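The values are calculated or read from the model by the stated rules, or taken from the named source; none is laboratory data. Since the model is a prediction, treat every value here as computed from it, not as a measurement. Positions of Cβ are generated from backbone atoms using ideal geometry, with glycine treated the same way; all protein chains shown enter the neighbour counts.
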Amino acid sequence: MSGTREPCEPRGAIDFCLSCVLTSALLVAAVVASFAYLDIDFPALFSHEAATSIGRFAASFFPPDLAPGFLRKTAWGALQTFAVAVVGTLLAGVAGLLCALPASGRHGAGAARLARFVLNLLRSVPELVWATLMVLAAGLGPFAGVLALALHTTGVLGRLFAEAIENAPPQPEQSLVDAGCGAVVAFVYGTLPSVWPQSVAYGLYRLEMNIRMAAVLGFVGAGGLGQMLYYHLSIFQQAQAATVLIAMFVLVLVVDALSDRLRAWMER
């Protein structure tokens with residue numbers, strides 16, 4: 001009879017999934033094996049002596065060094081860290097967009113495979129490894145940090161830009177091509193406006209990450225706050241190191257706030 005519904009067959013509250021159970025068991029086994037392999041001495045880690053030692057070490061960072069001369073030096077290091085992150089991200093944005101065009105399949109399957117291989121290679125190498133290689137190639141200083149961030153971030157942004165271009169609606173660009181426009185003009189006016197806000201959001205997000213990473217790259221000689229922190233910690237000047245850590249924290253907060261405001265303005 002129409003309008004009548006067949007009764008549903010009763011089902012259990014939870015369906016048995018063999019693959020889910022096996023995957024969960026493997027994950028638990030891997031975690032247990034990792035703890036067993038590392039042989040961490042948890043009683044010593046949470047002992048009274050360990051807590052006392054950690055407390056003494058943390059207390060050695062206070063009060064921070066707020067001498068005017070050192071504050072000026074720290075501010076210069078923060079500016080250098082910011083500049084390294086900005087320049088590295090800008091270079092990566094341009095290079096990533098250029099690599100994203102063939103990676104999105106606009107120039108054939110062969111070019112897409114080659115471009116995706118290059119992007120995968122660039123982002124598979126961590127920034128610290130790139131920084132170590134660039135320090136050996138270009139010497140100590142901020143330039144090595146800029147190159148390291150640019151190389152790794154090109155791989156990340158290039159892949160994100162390529163996916164954004166692939167997901168863009170093709171009708172506007174195709175309409176311009178049918179009207180007689182060239183390929184470059186059709187892309188600039190047909191596809192780029194639809195992917196530009198998302199691409200800028202990706203770039204701002206990577207800038208926030210590169211600010212943090214630029215502060216770390218100094219540990220391998222790439223300049224900025226990281227190099228200052230490594231130097232003062234290596235000679236046990238914890239008060240000066242505390243000032244550098246505070247500068248890192250303030251720099252990240254300021255950049256995050258500015259990035260949030262810029263994204264909100266773009267959404268409006």
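When you look at residue 249, is it outside any helix (DSSP H, G or I) and either free of Cβ contacts under 8 Å to residues at least 12 places away in the same chain or closer than 25 Å to residue 143 by Cβ (or both), yes or no? Against the criterion (outside any helix (DSSP H, G or I) and either free of Cβ contacts under 8 Å to residues at least 12 places away in the same chain or closer than 25 Å to residue 143 by Cβ (or both)), residue 249 does not qualify.
Condition test on residue 159, is it touching a His at 6+ places or on another chain (Cβ under 9 Å) and either surrounded by 20 or more Cβ atoms within 10 Å (Cβ to Cβ) or more than 30 Å from residue 243 (Cα to Cα) (or both)? For residue 159, the condition - touching a His at 6+ places or on another chain (Cβ under 9 Å) and either surrounded by 20 or more Cβ atoms within 10 Å (Cβ to Cβ) or more than 30 Å from residue 243 (Cα to Cα) (or both) - is not met.
So is residue 110 assigned to a helix (DSSP H, G or I) and over 30 Å from residue 208 (Cβ atoms) or not? Against the criterion (assigned to a helix (DSSP H, G or I) and over 30 Å from residue 208 (Cβ atoms)), residue 110 qualifies. In this structure, does residue 74 turn out to be modelled with pLDDT of 85 or more, within 30 Å of residue 224 (Cβ to Cβ) and either hydroxyl-bearing (Ser, Thr, Tyr) or in a loop (DSSP other than H, G, I, E, B) (or both)? Here the answer is yes, as residue 74 does meet what is asked. Residue under question is residue 268, and the condition is that it be of a type in the set (Lys, Arg) and either under 20 Å from residue 94 (Cβ atoms) or more than 25 Å from the chain's Cα centre (by Cα) (or both); does it hold? Yes.
Note on the range 146-219: enclosed helices (runs of 4 or more DSSP H) holding 3 or more residues that are closer than 21 Å to residue 103 by Cβ and among the hydrophobic types (A, V, I, L, M, F, W, C) are 183-186, 192-217.
In this structure, does residue 218 turn out to be touching a residue at least 60 places away in the same chain (Cβ under 8 Å) and surrounded by 20 or more Cβ atoms within 10 Å (Cβ to Cβ)? In short, yes.
Which is surrounded by fewer than 20 Cβ atoms within 10 Å (Cβ to Cβ) and in contact with a Pro (Cβ under 8 Å, 6 or more places away or on another chain), of 209, 266? Residue meeting the stated conditions: 266. Among the numbered conditions (1) farther than 19 Å from residue 231 by Cα; (2) modelled with pLDDT under 90; (3) surrounded by fewer than 21 Cβ atoms within 10 Å (Cβ to Cβ), the only one that residue 120 does not meet is (2).
Please determine whether any residue of the range 132-140 is of a type outside the set (A, V, I, L, M), touching a residue at least 12 places away in the same chain (Cβ under 8 Å) and assigned to a helix (DSSP H, G or I). Yes - at least one qualifying residue is present in the range 132-140.
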